[in-house]
1. Report the accessible area of E105, computed with a 1.4 Å probe over the heavy atoms of all protein chains in place, in Å² rounded to the nearest 10.
2. Using alpha carbon centroids, what distance separates the stretch 71-117 and the stretch 1-70, in Å?
3. Keeping every protein chain present and rolling a 1.4 Å probe, give me the accessible area per residue for the chain in Å².
4. Using 0.36 nm times the number of residues separating Y29 and R53, minus their current alpha carbon distance, what extension gain do you get?
5. Quick one: pull the percent of accessible area on the chain belonging to carbon and sulfur, 1.4 Å probe, ligands and nucleic acids left out.
6. Tell me which lysines have Cα within less than 28 Å of K72's Cα, excluding those fewer than 8 residues away on the same chain?
7. Taking the alpha-carbon distance from K14 and a cut-off under 17 Å, which aspartates and glutamates remain once sequence neighbours fewer than 8 residues away in the same chain are dropped?
8. Is it possible to state the helix-based mean residue ellipticity at 222 nm for the chain, with each DSSP H run of 4+ residues giving -39500 (n - 2.57), the sum divided by total residues, to the nearest 500 deg cm²/dmol? What is it?
Amino acid sequence: YDHQFQPTDSNLHKELYSTGIKIAADKIYDGNNVEDISTTYLPVEVAGGLCDRILGTSTIHISLPGCEWGGKDYILENTTRKELNVPAHVTNVELRSVADISSGEDRFAIVESFVAS
């Protein structure tokens, strides 16, 4: 799936990755720490009704299941749809809040309607 990897700061063998590493069955390969840096675009839409009305300023939280990374918040302001550049992995998407555009007050009933029971 064309993922891209780069050595992490704790990788002990960074110079070997330009030519590759030949793996032997009887050897231990410690210190080869790499990170998947691949990203993809995730379309997110928070809209009301058949007319796709803007519900307010929405906060979307993206996280990765089983990952220590705490995730990241994205804001949808004056729009119903946004393409988010996220890690190319299975992703959790959570609507954290919707705030009224003029008053800034939280619209809890809208967020609650998105929560699965």
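The values are calculated or read from the model by the stated rules, or taken from the named source; none is laboratory data. Note that this is a predicted model, so its numbers are computed, not measured. For the accessible areas, the whole protein counts, side chains as well, though only heavy atoms, and no ligand, DNA or RNA atoms are used. Shrake-Rupley method; radii C 1.70, N 1.55, O 1.52, S 1.80 Å.
1. Per-residue accessible area (E105): approximately 120 Å².
2. 21 Å
3. Accessible area per residue, the chain: 74 Å².
4. Computed gain between Y29 and R53 is 3.1 nm.
5. 50 percent
6. K82
7. Result set, ordered by chain and number: D30, E35, D36.
8. After summing the helix terms and dividing by residue count, I get -1500 deg cm²/dmol.
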